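Readers should treat all values here as calculations from the given coordinates under stated rules, not as data from a laboratory. In this text the structure is predicted, and so the values were computed from the model without any measurement. Cβ placement follows ideal geometry from the backbone for every residue including glycine, while neighbour counts extend to all protein chains displayed.
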Amino acid sequence: MPELCVNIDHVATVRQARRTYEPDPVEAAVEAEAGGADGITVHLREDRRHIQDADLPRLKAVVRTKLNLEMAATDEMIAIAIALLPQLSMFVPEKRQEVTTEGGLDVASQEFRIREAVARLKGAGIPVSAFIDADERQIDAAAHAGFDFCEIHTGPYAHAFHDHGAGHPATLKELTKIVRAAAAIRAAGMRANAGHALNEANVRAVAAIEGLHELHIGHAIVSRAVFVGLREAVGRMKRAIGSC
């Protein structure tokens, strides 16, 4: 079954609501790993709305699995990643006005610039992933740009699942796109991950897809943790993934 990387951004979101020191995302990383997380994901956004620069070295010091740094493909973020040396990096699109990431990175329209950014990170020994839609054109562009991984944006599937249910044609259509994208990513010589809007109810069908290496899940786990604690919430998600 795929590994589970837990995104702890929303722990920092709660902290930043008061511009204070708690809850500490570093403590969240420790609890997530205690619950069975195979990795910790954080997104350092350009507007610093949740994770802060000072969190990164503290996370790198305590994370015992692997640290995945999500970021925009900018000179500032590339320099931060090279200084940090996370075990994995991922380029994502960013818009200041969005609540969360709304879609995959358009690698195809900016392949030359993205290829250069990927080369800089790989030159520092950092594997690089692209967060992309389940689109063959974007997969081909990601392969040409030199990415090691592609993370398939599962938001459209998750929203169809919520609106229509598991067996509805709209849901199955989106799931089929993910299945085909995962196969295309592997055929192009990259490893396939998936994530966005996955929860305990909808994750099983995605976890069952052949060849997926990691699932990156945050909001649903942190939401469940409000009621049961982060360690238990991670354990519940692991069990949901394992039940496929």
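So what is the relative contact order for the stretch 1-108, in percent, with contacts set as C-alpha pairs under 8 Å and at least six apart?
Details: 158 pairs, mean separation 23.4, N = 108.
After rounding, I find 22 percent.
Using a simple spin-label model with pseudo-atoms 7 Å out from Cα toward Cβ, residue 21 and residue 110 lie 3.7 nm apart. The ellipsoid equivalent to the alpha-carbon distribution of the chain has semi-axes of 25, 24, 16 angstrom, derived from the gyration tensor eigenvalues as √(5λ) and listed largest first. Amide H contacts for residue 8 (H built 1.01 Å from N in the peptide plane; partners 5 or more residues away or on another chain; cut-off under 5 Å): 41. Cross-link reach is defined here as a Cα-Cα straight distance under 27 Å, omitting same-chain residues fewer than 8 places apart; for residue 238 the lysines meeting it are 60, 66, 173, 177.
For the peptides 147-155, 188-196, 232-240, 35-43, residues were scored by their other Cβ atoms within 10 Å and the scores averaged per peptide; the highest-first order is 147-155, 35-43, 188-196, 232-240.
Our summary gives the chain a relative contact order of 21 percent, counting only alpha carbon pairs under 8 angstrom and 6 or more residues apart. The GNM of the chain, with springs linking C-alpha atoms under 10 angstrom apart, assigns the highest mean-square fluctuation among 214, 174, 22 to 22. Counting only aspartates and glutamates at least 8 places from residue 122 when in the same chain, those with an alpha carbon closer than 18 Å to its own are 70, 75, 76, 111, 148, 151.
Look at where the Cα atoms of the stretch 139-214 and of the stretch 117-134 average out, and the two centres are 19 Å apart.
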